[in-house]
Every structure is written in structure tokens, then in C-alpha cells.
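Right, one structure below, let's go through it.
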Amino acid sequence: MKKCYDIAAYVWPSYTGDEPRARIFWPEGYGEWQTVKSAEKKTPDHDWPRKPLWGYVNEADPYVMEMQIEAATDHGVNVFIYDWYWYDNRPFLEQCLNNGFLGAKNNGKMKFMLMWANHDAYAVWDKRVAGTIGDAVVWEGKANREQFETVAKRVTEKYFTKENYYKIDGKPVFIIYEIDNFVNGLGGVEQARDALNWWREEAKKYGLPGVHFQLTCRGNHTLNLSGVDGSSTKIGSKKFVSAIGFDSTTHYQMIHFTPVEDRTFDDIANSVKEEWNKMEEYYGVPYYPHVSIGWDNNPRFNSYRPQVTKGNTPEKIKELLIDAKKYADEHNTVPLITINSWNEWTETSYLEPDDLYGYGYLEAIKEVFCDNK
């Protein structure tokens, strides 16, 4: 019997005008498409501007999402990982999930899960000031225990109970993006572990066997624990992953652990595979391989940023996908592979078709995971 794979693409839910608070970053009223439309070529070999073949669509529209679900599943992408935000004691950018995906009549064709994108909200989302006012924080991503429990109850009731929420061993998978904010918001490693264990027990009230917590890693990362007296303690990633009790790890973006400037894509791909091969042994929990389509966040800035992936053609991404498939076959009982991303246009790492490669990246996934069924 042919093995099936869970190809899970991250979704950046900013391509909508349905979130009122988004207008402080994108005042024209259709989300970060505003930034995509204004992107310009900054060097002679810079592959911008780019245009979406589907147009500047509202991804909180269920009719739009019905089309995207068909395109995704036709090409082997069968899970969407929604970036999920909680700022100022309330959710942010939920409309693409709530109104778009969950409102689509065909959403049962694929699974979804959440990644708590609990980083601070910076002014970088506003191109008018990005890169000119430092790391100006609009909203903090930290959550104390009271906020954490509010988040946990909302997510459990609203999402975990959906039939098509993605689960491992029957447990809904919840990904945490920013470990520093997560731990420091709760008050320390022990408090973070207690919070996750509390949520596991809370989920059982809804007939679930618990929660599977996954961490997006950033290589060999040092967690800086802030003390109430102004002091700080640093612990390495191997220790805090074990101490907090995460069930598995993956990555969100390759730029988090390897540079891309002035490197061939073959060289970058080798660094990515080296990272895969040390993850499980280092952390002691399952690692699910990650493939990033590329990196170039110049659309968000007026000045040039030299960290730009070059040579990441669909053919090269296909080669890396073949390696990810091989890794999953050799290491994982659950064949989950994460992809950055479905639609990170302003970071130039997306599967959605454009006027440069067309459906090339989606076809690469299809050729690796579908065509030999």
C-alpha cells in the first residue's frame, strides 16, 4: 500500500481586510497585499516585483478558500498550519481561519492546526516605518498564566474539537513559535511545564486524550530567563525542550538556523539537511523535517536587505523535498513534513502560484508525494 504523507504548509493570515486592527499596518484595507503590490526590484538580479496568479484575493472569503483548498489538495498539500495571534488580550487575524477556511464548504478535504505566533508585533509590518524606528513593539507576545488559560480554553473549544483538526495519536497538535516569550510570560521553565500539563488535563474534559505540543526550533538556541529582580539566567535549547516537556519539534523558517546570503542553493540545502540530522538526537523527541521555499523579506523594507535566497527554483526545491521524504521514511512513524509556506509573499517563501514560476512549487510537491501513488 502506498504511504501517505502529511504535507503541512504554514499560512500567514494577513491577506484580508476583514481584521480592523490590521489597518494600523496596512491602511489601504486589504491586508499585507498592500506591501506585496508596492514591492520593487532593488538590485539588477532581484526577482521582484512578483504578482500572484490568483490576484490580490481576500483569503478570509470562503469562496476564495474553497478554490485554494482544491488547489492545495490537488498538489498534495493536505494540512494548513495557521499562524495564530493573541495580542492585547484578544485574538488577531483570525478571520482567514474562522471565516475563510472553516467557512469553506470543502474544508473537510484537509486538516488544519495552529501555531501560536507569540512573538511581539513589531512595526516591521508597516512599510512606512520598517527599518527606521528600530524594534518598536506595537503589542507584546508574552502571556501570563491567566491569559494562557484563556487562550487554552478558547483554542480547545473553538478548534481542537473540530473533526479536521490535525492530531497525532489522537491529540491535537499545537505549535509554539517563540520560546522566550512563552517561558518568560509564564514566569519560568517550571511554570511553563506546569501550564502545558494543565492544558493537557483541560483537553481531557472535551474527550481528547491530551495535547501534543510542538516547538519551532531556531538551531542551538539559548533561552534568556528574565528574573523579577532584573537578573537573568541562560539555558540551552536541549535543556529547556526537555524540561518544559515538548512532544516534538520542527522549524518555521530555515533563516532561523542558516544564513542564505551569497550561497548557492545546493550549499543552503546541505546545511538544512545537516540540521535535520542532528535534531532528534539533540532534543530527544521526534523531529518533523521542514522545507522552506526561500527567504527574501525586502518587500517589507524600503532599503535593500542582503539576506536573499537565490537559485531556489522549483527543481531545486523538489530535490530537497525528496530528501525530506527520505528523512520522514527513516525517522518518523508520523510522516509529517512542514513547509514554509503557503503564502508568505513578503518573505518570498510561498507555494501559491506567481508570474515567475507559475505553479512550479506546487507541482514539485505533487511530483514527489502524489504522482507515484
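Which one is nearest to T348 (Cα to Cα) among residues in region 15-24 that are crowded, with 22+ Cβ neighbours inside 10 Å and not polar (S, T, N, Q)? Among those residues, the one meeting the criterion is Y15.
Looking across region 156-180, the residues that are part of a strand (DSSP E or B) and of a type in the set (D, E, K, R) come down to K167, K171. Need the failing condition index for V138 against (1) touching a residue at least 60 places away in the same chain (Cβ under 8 Å); (2) aliphatic (A, V, I, L, M); (3) within 30 Å of A72 (Cα to Cα), just the number. Unmet for V138, out of (1) touching a residue at least 60 places away in the same chain (Cβ under 8 Å); (2) aliphatic (A, V, I, L, M); (3) within 30 Å of A72 (Cα to Cα): (3). Among the residues that make up region 144-155, is at least one of them of a type in the set (D, E, K, R), touching a residue at least 12 places away in the same chain (Cβ under 8 Å) and part of a strand (DSSP E or B)? No, there is no match, as no residue in region 144-155 is of a type in the set (D, E, K, R), touching a residue at least 12 places away in the same chain (Cβ under 8 Å) and part of a strand (DSSP E or B). Quick check, is Y206 closer than 20 Å to V173 by Cβ, crowded, with 17+ Cβ neighbours inside 10 Å and touching a residue at least 12 places away in the same chain (Cβ under 8 Å)? It is false that Y206 is closer than 20 Å to V173 by Cβ, crowded, with 17+ Cβ neighbours inside 10 Å and touching a residue at least 12 places away in the same chain (Cβ under 8 Å).
The one condition from (1) surrounded by 14 or more Cβ atoms within 10 Å (Cβ to Cβ); (2) in a loop (DSSP other than H, G, I, E, B) that D135 does not meet is (1). The residues in region 75-129 that are among the basic types (K, R), crowded, with 19+ Cβ neighbours inside 10 Å and either under 17 Å from the mean Cα position of the chain (by Cα) or farther than 20 Å from A22 by Cβ (or both) can be counted, and the count is 1. Would you point out which residue out of E330, E344, E352 is at pLDDT 95 or above and surrounded by fewer than 20 Cβ atoms within 10 Å (Cβ to Cβ)? That would be E330, the only listed residue that is at pLDDT 95 or above and surrounded by fewer than 20 Cβ atoms within 10 Å (Cβ to Cβ). Restricted to region 205-314, the set of strands (runs of 3 or more DSSP E) holding at least 1 residues that are over 25 Å from L114 (Cα atoms), modelled with pLDDT of 95 or more and not charged (D, E, K, R) is empty.
Every test in (1) buried (at least 16 other Cβ atoms within 10 Å of the Cβ); (2) more than 27 Å from K318 (Cα to Cα); (3) under 20 Å from the mean Cα position of the chain (by Cα) is passed by E140 save one, and that test is (1).
The values are calculated or read from the model by the stated rules, or taken from the named source; none is laboratory data. Bear in mind the structure is a predicted one, so any value in this text is a computation, not a measurement. Note that each Cβ is placed from the backbone with ideal geometry, even for glycine, and that neighbours are counted across all protein chains shown.
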